[in-house]
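Visitor: Next up is a structure, given as structure tokens.
Just so it is clear, none of the values below were taken in a lab; they were calculated from the coordinates. Bear in mind that the values here come from a model prediction, so they are computed numbers and not experimental data. Cβ: placed from backbone, ideal geometry, glycine included. Neighbour counts: every protein chain shown.
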Amino acid sequence: MCGLDYDKALYYTMWQQWDDLLVVMVRTTDDILAKKIESFLHAFRFEKNTQKIIGLHENLLHYLDHAMHSNVATIVNA
């Protein structure tokens, strides 16, 4: 299930579909992904420091990249 969550989260993040990203945050079984989405969305809505928002956005994208690669490696090695 998480593999699909990563794909959806990446898509919604790239296309700035924050409502759909929030749904992924609530439904995912990956607690780290949920926390990273929550941190980014909270900053996007309330933070005034643009650099912090950009940093959290990049952090979310880096995590998604790492998780997707780890998920593919797990599938290939199974």
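Visitor: Which of the residues that make up region 1-52 are aromatic (Phe, Trp, Tyr) and buried (at least 19 other Cβ atoms within 10 Å of the Cβ)?
Guide: Result: Tyr6, Tyr12, Phe40.
Visitor: Please find, among Thr50, Thr28, the residue that is without any contact (Cβ under 8 Å) to a residue 40 or more places away in the chain and touching an Asp or Glu at 6+ places or on another chain (Cβ under 6 Å).
Guide: Only one candidate qualifies: Thr28.
Visitor: Related question: The conditions are (1) more than 10 Å from the chain's Cα centre (by Cα); (2) farther than 20 Å from His69 by Cα, and Cys2 fails exactly one of them. Which is it?
Guide: (2)
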